[in-house]
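The values are calculated or read from the model by the stated rules, or taken from the named source; none is laboratory data. Model, not experiment: these values are computed from the prediction. Reconstructed Cβ throughout: ideal geometry from the backbone, glycine too, with neighbour counts over all protein chains shown. Calculation scope for accessible area: heavy atoms of the full protein, side chains included, ligands and nucleic acids excluded. Shrake-Rupley method; radii C 1.70, N 1.55, O 1.52, S 1.80 Å.
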Amino acid sequence: MRIWTTALGLGAALVLAACGSDNGSPAEPQDTSVSLCVASDCGELLTLAAVPDAENLLFTPDGRLFVSGGTNVFEVVRDGDTSVALTALSATDCNFTGLALRGRTLYASCGSAELYAAELTATPNLVPIYSYENTALPNGMATGADGSIYVIDGPLPGNGSLPSPKIVRLRFDPSDPLQVVEQTTWLASGLQFPNGLVRRGELLYFTDSALLPVELGAVRSVPILPDGSAGAVQTVATFTSLLDDLTTVAEGLLVTEYLSGRLVLLDAAGLEISATDVGGLSFPSSVIVGQPPMFQPDELLITEKGVLGDTASAVGNRLSLLRPTDR
């Protein structure tokens, strides 16, 4: 999910602080039992397309792929072994962050604090449908089993306001997927600089950072209780790098280490199983497991954001593919 330019300041502040320290839903990611190559010595990294400020990824159950970025949301169609075609969905540019799916409707958050949506026709038309209330940066998104959408507010403000770290929940008119009928603050404690969000069953996982105690990066979990409220926040894993997004895979998690340029595979206990080389990726912002018919389940799609705020250079700004070399 999006980390704005001021996140580099956060990173510096956290590093300095560390120096003084001892230190269901169709939108739910599909788990897979396929063995994945999450290492630089068993896979090849290929650039599929340029995506300005590439940010987030979403597969539909039938294998359609969407990617968000700093100017638009694009549908991705594979047109070659190492290339894809992109179609912009919004008539106007916006600084898009998280993506979510409810039935046949695609949702996208924007840094302007607007929620966009599009019916998934052959040619989706993404339009603003709702203005978030009291949020600094609507970001990572996940759809609950009941059709609610959970949205991270963070890690830092994108509209000049103060940070307001929390997870909000949106509920929709049962007969109108374009009508938000309620926004509530679902979780407001146990998180400081939240960013990415994903759901497995009735458990939400999110990436985070903390100043006190110092944690450059952390993956935390929070259960959705039977009454719909939030349970206790637990820390699953900590890192020595700022994180961005994460996704579920089998019993574990795939996490993007934004500053170190790594992709990390965690087991169910939060222990590192494998990882790509430091600096092998240009500020990775999200990852998703490949899905037929366009991609194989042992392939990984990765957004590489690059330099924050730069939407044109060859540093990042791309959608990449990591696939095994022994195929």
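Looking for something open to solvent by 70 Å² or more (accessible area, probe 1.4 Å), at pLDDT below 95 and either assigned to a loop (DSSP other than H, G, I, E, B) or farther than 26 Å from Gly231 by Cβ (or both) - is there at least one such residue anywhere in the stretch 166-174?
Among the residues of the stretch 166-174, not one is open to solvent by 70 Å² or more (accessible area, probe 1.4 Å), at pLDDT below 95 and either assigned to a loop (DSSP other than H, G, I, E, B) or farther than 26 Å from Gly231 by Cβ (or both), which makes the answer no.
What pairs can you find where one residue is in the stretch 310-324 and farther than 27 Å from Asp298 by Cα and open to solvent by 40 Å² or more (accessible area, probe 1.4 Å), the other is at pLDDT below 90 and assigned to a strand (DSSP E or B), and their Cβ atoms are less than 7 Å apart, with a gap of 6+ or different chains?
Ser313/Gly306
Would you pick out the residues in the stretch 291-308 that are farther than 14 Å from Val67 by Cβ and β-branched (Val, Ile, Thr)?
The answer is Val307, and nothing else.
Lys305 passes all but one of (1) closer than 16 Å to Val198 by Cβ; (2) open to solvent by less than 10 Å² (accessible area, probe 1.4 Å); which number fails?
Of everything listed in (1) closer than 16 Å to Val198 by Cβ; (2) open to solvent by less than 10 Å² (accessible area, probe 1.4 Å), Lys305 misses just condition (1).
Of the conditions (1) surrounded by fewer than 21 Cβ atoms within 10 Å (Cβ to Cβ); (2) closer than 19 Å to Val222 by Cα; (3) of a type in the set (S, T, N, Q), Thr121 clears all except one; give me its number.
Evaluating Thr121 over (1) surrounded by fewer than 21 Cβ atoms within 10 Å (Cβ to Cβ); (2) closer than 19 Å to Val222 by Cα; (3) of a type in the set (S, T, N, Q) leaves (2) as the failure.
Looking at the stretch 55-81, I want the residues that are within 25 Å of Ser313 (Cβ to Cβ) and assigned to a strand (DSSP E or B) and have a partner that is open to solvent by 30 Å² or more (accessible area, probe 1.4 Å) and of a type in the set (Val, Ile, Thr) with Cβ atoms under 7 Å, at least 6 apart or on another chain. Which pairs are those?
Short answer, once both residue conditions are applied: Phe74/Thr87; Glu75/Thr87.
Kindly indicate which of Gly252, Gly261, Gly190, Gly280 is over 30 Å from Glu114 (Cβ atoms), open to solvent by 10 Å² or more (accessible area, probe 1.4 Å) and at pLDDT 95 or above.
Just one listed residue meets the conditions, Gly280.
Could you name every one of the strands (runs of 3 or more DSSP E) located completely within the stretch 284-327 that has at least 1 residues being on the phi < 0 side of the Ramachandran plot and of a type in the set (Val, Ile, Thr)?
Strands (runs of 3 or more DSSP E) meeting the threshold: 284-289, 300-306.
Go over the candidates Pro29, Pro52 one by one and state the one that is in a loop (DSSP other than H, G, I, E, B), modelled with pLDDT of 95 or more and not polar (S, T, N, Q).
Exactly one residue qualifies, and that residue is Pro52.
Given the criteria assigned to a loop (DSSP other than H, G, I, E, B), at pLDDT 95 or above, under 30 Å from Pro223 (Cβ atoms) and open to solvent by 10 Å² or more (accessible area, probe 1.4 Å), does Gly158 qualify?
no
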